[in-house]
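Here the structure comes first, spelled out in structure tokens, and everything after it is commentary.
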Amino acid sequence: MDGVHVAGNFQGWDPAATPMTDNGDGTWSHTFTSDTAASYQYKFVNGNAWGTDEGVPGACAIDGNRGITVDGMMGDVSAEACFGNCAACGMTTVRFRVDMANEEVSPFGVHVAGDFQGWDPAATELTDEDGDMVYETVQSFDADSMEQIVFKFINGNAWTDPNELIDVACGDDTGNRVLPLDATDILLSASVSGSPYCFSSCQSCVAPLAVTFNIDMSVVASVSENGVHLAGSF
């Protein structure tokens, strides 16, 4: 038996170098010491070779791996997960994402509020770590006790700030988003391509498009001294 191993950038990504200890209850553990504040990527291996490593769900994956941050201020850090899942066995993880490309982001940040956290507009902040205007947070839920979550994104941290009013195509009749839960981890996406929802929309964001109108006035006897104008619903 090759046992269970952990591999990551803290040990050179060697699938056989870091065996984990069998705790005798179905769980395995390993502790290492970080000498500096850092962010680490890693994954678990059911054996000691690549090919037997877990597939990390998109709901929590960073370049296909797990991630953990040690900042020196939190004290010792631990991470519990079910093999091939984001969180502990029996939990469902949701990666909330919203594209703010078409919005001026509030200086108070972007938040998500819902029935899973008491509808507090300031409690659950989303962050944009890579500067692509997509704000994210990862939350885990007991899917056995929750069939769905109801939520909305807020551009700010108060109900007086702009918050979403969602169409029934992806929400309920009060303008909130609705997400059914099951036993799988969820990467919140607007399409099968994985693109995130645009703020206050059931679709992904579309970049602003330039529309140019041209009119040939050569068939008109004379052009008005007031010039030619355009009017429309836009």
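Measuring spread by the Cα atoms of the stretch 1-88 yields a radius of gyration and Dmax of 12.7, 39 Å.
Among the chymotrypsin sites (Phe, Trp or Tyr not before Pro) within the stretch 98-173, those in coil by DSSP and having at most 15 neighbouring Cβ atoms inside 10 Å are Phe108, Trp119, Trp159. For the stretch 119-162, GluC sites (Glu not before Pro) are listed when DSSP marks them as loop and at most 12 other Cβ atoms sit within 10 Å of their Cβ; the list is Glu129, Glu147. Counting every other Cβ atom within 10 Å of each residue's Cβ, Leu179, Leu230 order from fewest to most as Leu230, Leu179.
Ordered by the number of other Cβ atoms lying within 10 Å of each residue's own Cβ, fewest first, Ser195, Ser201, Ser224, Ser233 fall into the sequence Ser233, Ser224, Ser195, Ser201. Between Gln148 and Thr69, the distance separating the two model label sites (each 7 Å from Cα on the Cα→Cβ line) works out to 3.3 nm. Entry note, the chain: relative contact order of 15 percent, from Cα contacts under 8 Å with a spacing of 6+ residues. Of Met146, Met133, the sequence from fewest to most neighbouring Cβ atoms within 10 angstrom is Met146, Met133. Restriction of the GluC sites (Glu not before Pro) in the stretch 38-110 to DSSP coil positions whose beta-carbon has at most 11 other beta-carbons within 10 angstrom yields Glu80, Glu104.
None of the figures in this text is laboratory data; all of them are computed from the coordinates on show. Quantities reported herein were computed from a predicted structural model and do not represent experimental measurements. Neighbour counts run over all protein chains shown; Cβ positions are idealised from the backbone, glycine included.
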